[in-house]
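What follows is a set of notes on a single structure, which appears directly below.
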Amino acid sequence: LKRLSAPLEELKTYLHLHALAQSPAQKNDYKLAAQSIAESQLSQTQLEEIAENTSYSFVRPVALFRVGLASFEKSEFSRARAYFTQVIQIDANTELAERANELLKQIDARETVNPKRIGVILPLTGKLSKVGYKTLRGIQLGLGTYGKSRSGIELAVIDSTGNASHARRAVEKLVTEDHVIG
């Protein structure tokens, strides 16, 4: 089946062999082989089929996690939450459940918003630092963050260093850690 490139059929065979195996060592070997296939060789459609079918027993949490991860990466957070929650319910106290729980925390962090906090990513170091600081002072003045008539708005400021990849990571931090509204 491996040579025929039929990973789902190979996985089903390992499940069957696991059910027939007598020794704990053999059972464990078949379990690991089936989980390995689910972790790396199946298509999204095949993973969804396994995730929805309880007959896949110990392989199902792996499929649920991978489908949840794909949903998370597509920003389909409510769908990802449902899959990760199932992983935790089915496979509690495992590394996979811990990973699912961490991703659930990230989803929760995205949903937590401080309505008085705005994020700003500016080049505060490097060759564009002068422009960055002038822009920051302008934003602070415009929002009224100083003086007698303070607006109550907080700024979460991150230095992009003039680097696009730093700026992308900064956006993620502003959303998940600083809980900015905009």
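List of remarks:
- From the list Ala34, Ala63, Ala80, Ala51, the lone residue that is among the small types (Gly, Ala, Ser), under 25 Å from Val180 (Cα atoms) and touching a residue at least 12 places away in the same chain (Cβ under 8 Å) is Ala80.
- Matching option when the condition is under 18 Å from Thr94 (Cα atoms) and either among the small types (Gly, Ala, Ser) or open to solvent by less than 10 Å² (accessible area, probe 1.4 Å) (or both), among Ala19, Ala25, Ala38, Ala70: Ala38
- Selection status of Ala92, over 30 Å from Gly152 (Cα atoms), of a type in the set (A, V, I, L, M, F, W, C) and part of a helix (DSSP H, G or I): no
- The residues on offer are Lys105, Lys134, and the sole one that is of a type outside the set (A, V, I, L, M, F, W, C) and within 18 Å of Leu174 (Cβ to Cβ) is Lys105.
- Selection of segment 128-182 for residues being hydrophobic (A, V, I, L, M, F, W, C), closer than 25 Å to Arg110 by Cβ and assigned to a loop (DSSP other than H, G, I, E, B) yields Ile153, Val180, Ile181.
- Scanning segment 93-151 for residues that are of a type in the set (Val, Ile, Thr), loosely packed, with under 15 Cβ neighbours inside 10 Å and closer than 23 Å to Ser75 by Cα yields Thr112, Val113.
The values are calculated or read from the model by the stated rules, or taken from the named source; none is laboratory data. Small disclaimer: the values here were computed from a predicted structure and weren't measured. FYI the Cβ positions are ideal-geometry reconstructions off the backbone, even for glycines, and counts take in every protein chain you see. In case anyone asks, the SASA skips ligands and DNA or RNA and just uses the protein heavy atoms, side chains included. Shrake-Rupley method; radii C 1.70, N 1.55, O 1.52, S 1.80 Å.
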